[in-house]
1. Of everything in the range 34-83, what is surrounded by 10 or more Cβ atoms within 10 Å (Cβ to Cβ) and in contact with a Phe, Trp or Tyr (Cβ under 9 Å, 6 or more places away or on another chain)? Give them in sequence order.
2. Output the residues belonging to the range 1-29 that are exposed (fewer than 10 other Cβ atoms within 10 Å of the Cβ) and at pLDDT below 80.
3. Can you name the number of the only condition in (1) more than 31 Å from the chain's Cα centre (by Cα); (2) of a type outside the set (Gly, Ala, Ser); (3) modelled with pLDDT under 80 that LEU62 fails?
4. What helices (runs of 4 or more DSSP H) lie completely within the chain and have 2 or more residues being out of contact with any helix residue (DSSP H, G or I) (no Cβ under 7 Å at 6 or more places or on another chain) and touching a residue at least 24 places away in the same chain (Cβ under 8 Å)?
Amino acid sequence: MRSRIVPIILVLLLLALQFQLWSGRGSIPDVARQKEALAKLNEANTRASQANERLESEVRDLQEGLEMVEERARAELGMVKPNEVYVQITR
């Protein structure tokens with residue numbers, strides 16, 4: 001009788017470990033989901049970093065030179081210099 005209990009206990013422990021491996025916290029599917037979420041977050045961080053670099057460059061240009069300010073004023077506000085003729089072409 002005693003010789004049967006040990007293998008049964010070992011099989012039950014093996015089944016419990018397999019259950020944990022496939023369905024519990026830290027299981028194979030759980031790790032795969034977390035890796036996928038991490039990849040999406042890294043991609044979003046990369047896009048945000050690139051956007052930040054563009055904005056920093058634009059701010060630097062605005063702080064350092066009037067050419068960029070003038071260009072934006074012309075494009076966004078329709079600024080015209082004195083003695084300058086503004087021609088708008090519509091299609």
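1. Matches in the range 34-83: VAL80 only.
2. MET1, ARG2, SER3, ARG25, GLY26
3. Only one criterion in (1) more than 31 Å from the chain's Cα centre (by Cα); (2) of a type outside the set (Gly, Ala, Ser); (3) modelled with pLDDT under 80 is unmet by LEU62, namely (1).
4. Details: elements: 2-23, 28-64, 66-72.
Fully inside the chain and qualifying: nothing.
The values are calculated or read from the model by the stated rules, or taken from the named source; none is laboratory data. Note that the coordinates shown come from a computational prediction; the quantities given were computed from them, not determined experimentally. Cβ sites come from the backbone with ideal geometry, for glycine too, and all protein chains shown count toward neighbours.
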